[in-house]
Amino acid sequence: MIEIKIKFLGGCDGIGKSAILVDGKIMMDYGLQTGGDDPFPLMNDCNHLLISHGHLDHCGSAPLLRKAKDVFATAPTADFTKLLLDDSVRLNEKENKKRHMYSTYDIDLLMSKLKTVSYNEEFKVDGYSCTFLDAGHIVGSSSILLKGDVSLFYSSDTNSIETKLIRGSNGFPGADVGIVESTYFGEDHTPRKDLEDRFIKSIKETIEAGGNVIIPCFAINRTQEILSILGEHNISPYLDGMGVEATKIILSHPSFIKNSSLLKRSFDNVSLVNKKVRKRIFDEPSVIVTTAGMANGGPVLNYLKRIYKDPKSKLMFTGYQVEGTNGRMILEKGLLRLNRNLVKIESTVEQYDFSSHSGDKELKSMVKRMADKGVNLFFTVHGDRENNESFVEYIKEEVGCEAIAPHTNDTYNVSIT
Ligand SMILES: [Zn+2]
């Protein structure tokens, strides 16, 4: 009998702090939950760390794995990880006035152990042959295949829908066990073309009416997706916040995106914001792309302070707004939290679903394809409990495979006879 041991250390009930340990030695992701009381996954040393992509909920606690001998990631993921971890330390010191659980020294140590890998390149990790496959989620994002006596495929965050910036995930190599995300199970996305048309039309109407458009964006991937869409329609926005650095990183890895010349041209046409520019930015109707994507901090708050009373202006969210964020409160209650005061927002607020995750249809098709290629046991993660369990029901009933929605700290010994 041969066996694989899978331990779930986080990311089982909701989104945040994804961490999965294989055979007590190989960690797949070690994320951070932002905004929660308990931000870190369960502690567990490991020999090797595999980082699927550069989002904090997958890489944000990686510096805590001080005993890891090596770390593997694609080149863009390596750069994003450094960018996000540095920012996390800086923000923590500024807001909480105390030391983070890790320091910039720990970040440097982590980066010194990092080996970059290409998509579809096989490398050896503790008895497994490991391959990173394009997950289509953000630039450089990967699903991970561990091929051994028992083989495991971890989808991580994945998107099979092609976007302006990157291609969708493609192909599935076959494995015995699958760990799949369930983020958008039960919810389909608006077709991309319709979404882009509606988005551009709304921007043009606002500018023509003499208003300003604020577009809060996540720094990584979403900012560049939006810049590419705006660039294609000859709209030249202002760009402020961490999205500037993230765009430079992405442009330094042109082979990981679909159309680097479109992004390059779009980026060349943006006006980067400095103190002087910020003062005169509203002298005429303008479009501003800025962080943070959920309006919970960053330069977007400075802009909102200046437009929230203007009914001609518009705030256009470009992604999901998590419970407890400014973005969620604006959408649900029309209230904005500014300097500890709640103020009524009189500008128009819109939300566009530029998601970088597969929707319901794509998730269902993914597990069917995986089952066709030999997976007979699924674990569902990266969704709230209800989503993870609904996806389990679907897999059992419609795909005919065993499926489990694990809890944090659960360990499974999966054997094949
Ligand atoms: Zn992600």
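The values are calculated or read from the model by the stated rules, or taken from the named source; none is laboratory data. Nothing here was measured: the structure is a model prediction, and the numbers come from that model. Here the Cβ is made from the backbone with ideal geometry for all residues, glycine too, and neighbour counts use every protein chain on show. Just so you know, the surface numbers come from the protein's heavy atoms only, side chains and all, with ligands and any DNA or RNA stripped out. Shrake-Rupley method; radii C 1.70, N 1.55, O 1.52, S 1.80 Å.
Roughly how many Å² is the accessible area per residue of the chain, as a whole number, for a 1.4 Å probe?
Value returned for the chain: 42 Å² of accessible area per residue.
Each residue of segment 138-145 in order: what ³J(HN,Hα) in whole Hz does its phi give by Karplus 6.51 cos²θ - 1.76 cosθ + 1.60, θ = phi - 60°, with x for Gly and Pro?
9, 4, x, 6, 9, 8, 10, 10
Counting only protein heavy atoms and using a 1.4 Å probe, what share of the accessible area of the chain belongs to carbon plus sulfur, as a whole percent?
46 percent
Would you mind checking which residues have amide H under 5 Å from PHE379's amide H? H placed 1.01 Å from N; only 5 or more apart, or other chain.
Residues meeting the amide H criterion: GLY178, ILE179, VAL180, ILE404.
Would you work out if segment 192-351 is rounded, prolate or oblate? Take a ≥ b ≥ c from the square roots of the eigenvalues of the alpha-carbon gyration tensor; rounded if a/c is under 1.5, else prolate when a/b is larger than b/c, oblate otherwise.
The shape class here is prolate.
Extension gain LYS275-SER202, at 0.36 nm per residue separation less the Cα-Cα distance, in nm?
My answer for the length gained is 23.5 nm.
Please give the Cα centre distance for segment 367-392 versus segment 54-109, rounded to the nearest Å.
First find each Cα centre; the distance between them is then 29 Å.
Please get the size of the charge dipole for segment 279-363, origin at its Cα centre, with Cβ charges of +1 on Lys and Arg and -1 on Asp and Glu, quoted in debye to the nearest 20.
Around 540 debye, computed over segment 279-363.
Using a Förster distance of 35 Å, how high is the FRET efficiency between GLU323 and LYS373, based on the Cβ-Cβ distance and rounded to 0.05?
0.45
Roughly speaking, what % of Cα-Cα pairs in segment 258-401 are separated by over 25 Å, rounded to a whole number?
50 percent
Distance cut-off 32 Å, Cα to Cα: go down the list LYS5/LYS164; LYS94/LYS364; LYS276/LYS314; LYS67/LYS275; LYS164/LYS314 and report the pairs above it.
In this structure, LYS5/LYS164; LYS94/LYS364; LYS67/LYS275 exceed 32 Å between Cα atoms.
Run the numbers for ASP108 and LYS193: contour at 0.36 nm per residue of separation, minus the present Cα-Cα distance, in nm.
Net length gain for the segment: 26.4 nm.
Name the shape class, rounded, prolate or oblate, that the alpha-carbon gyration tensor gives for segment 298-346, where a ≥ b ≥ c are the square roots of its eigenvalues, rounded holds for a/c under 1.5, and otherwise prolate holds if a/b is larger than b/c and oblate otherwise.
rounded
Counting helices only, and only those DSSP H runs with n ≥ 4, report the 222 nm mean residue ellipticity of the chain as the sum of -39,500 (n - 2.57) divided by its residues, in deg cm²/dmol to the nearest 500.
Value at 222 nm, helices only: -9000 deg cm²/dmol.
Which number comes out as Rg/Rh for the chain once both Rg and the Kirkwood Rh are worked out on C-alpha atoms?
Dividing the radius of gyration by the Kirkwood radius yields 0.97.
Which value, in Å² and to the nearest 10, is the accessible area of LEU342 when all protein chains are kept and the probe is 1.4 Å?
100 Å²
Say R0 is 41 Å: what FRET efficiency, to the nearest 0.05, do ALA209 and GLU93 get from their beta-carbon distance?
So, using R0 = 41 Å, E works out to roughly 0.45.
May I ask for the distance between the Cα centers of segment 130-146 and segment 154-188, given as a whole number of Å?
Segment 130-146 and segment 154-188 have Cα centres spaced 9 Å from each other.
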